[in-house]
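A quick write-up on the structure given underneath.
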Amino acid sequence: MLSLQQVKGLFQDLPKWFNWVILDSPPLLFSADANLLGTLTDGTILVVRIGATTIDMVHRAMQSLCENNVLGIIVNGARAGELYSKYTYYYSKYGHEAKPEPEAEPAD
């Protein structure tokens with residue numbers, strides 16, 4: 001259905017009526033719909049779930065999007081306190097070092 005000329009025409013007309021149009025699609029790695037939608041839109045936002053989406057899946061998804069304009073990645077499914085430890089793990093894994101905490105000045 002997404003390859004129909006009427007659908008392509010609709011995607012071209014939507015910006016005339018709306019400032020933002022957000023389309024949801026099935027998971028990128030399990031359906032061709034997301035890749036096809038990516039070619040019809042101005043950009044793609046990848047949504048990943050902590051504990052379910054692996055780094056390998058993210059790499060494969062990014063490769064399958066090829067030249068499509070990837071605007072960013074949204075991470076969902078995080079619980080309070082859990083995100084910080086996982087974020088710092090991946091952040092440090094890719095060569096970034098945490099900045100040391102400034103030392104408190106001694107009291108007089």
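The values are calculated or read from the model by the stated rules, or taken from the named source; none is laboratory data. Treat the numbers as computed from the prediction; the structure is a model and nothing was measured. In this analysis, Cβ positions are derived from the backbone assuming ideal geometry, glycine residues included, and neighbour counts consider all displayed protein chains. The accessibility values were calculated without ligands, DNA or RNA, using every heavy atom of the protein model including side chains. Shrake-Rupley method; radii C 1.70, N 1.55, O 1.52, S 1.80 Å.
Structure data summary
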read-out: Selection count where residues are more than 23 Å from GLY77 (Cα to Cα), assigned to a helix (DSSP H, G or I) and open to solvent by less than 60 Å² (accessible area, probe 1.4 Å), scope the range 37-64; value: 4
read-out: Matching residues, the range 71-94, being of a type in the set (A, V, I, L, M), surrounded by 10 or more Cβ atoms within 10 Å (Cβ to Cβ) and at pLDDT below 85; value: ALA78, LEU83
read-out: Residues within the range 28-49 that are touching a helix residue (DSSP H, G or I) at 6+ places or on another chain (Cβ under 7 Å) and modelled with pLDDT of 85 or more, tallied; value: 3
read-out: Matching residues, the range 15-27, being more than 24 Å from SER64 (Cβ to Cβ) and either among the polar types (S, T, N, Q) or part of a helix (DSSP H, G or I) (or both); value: PRO15, LYS16, TRP17, ASN19
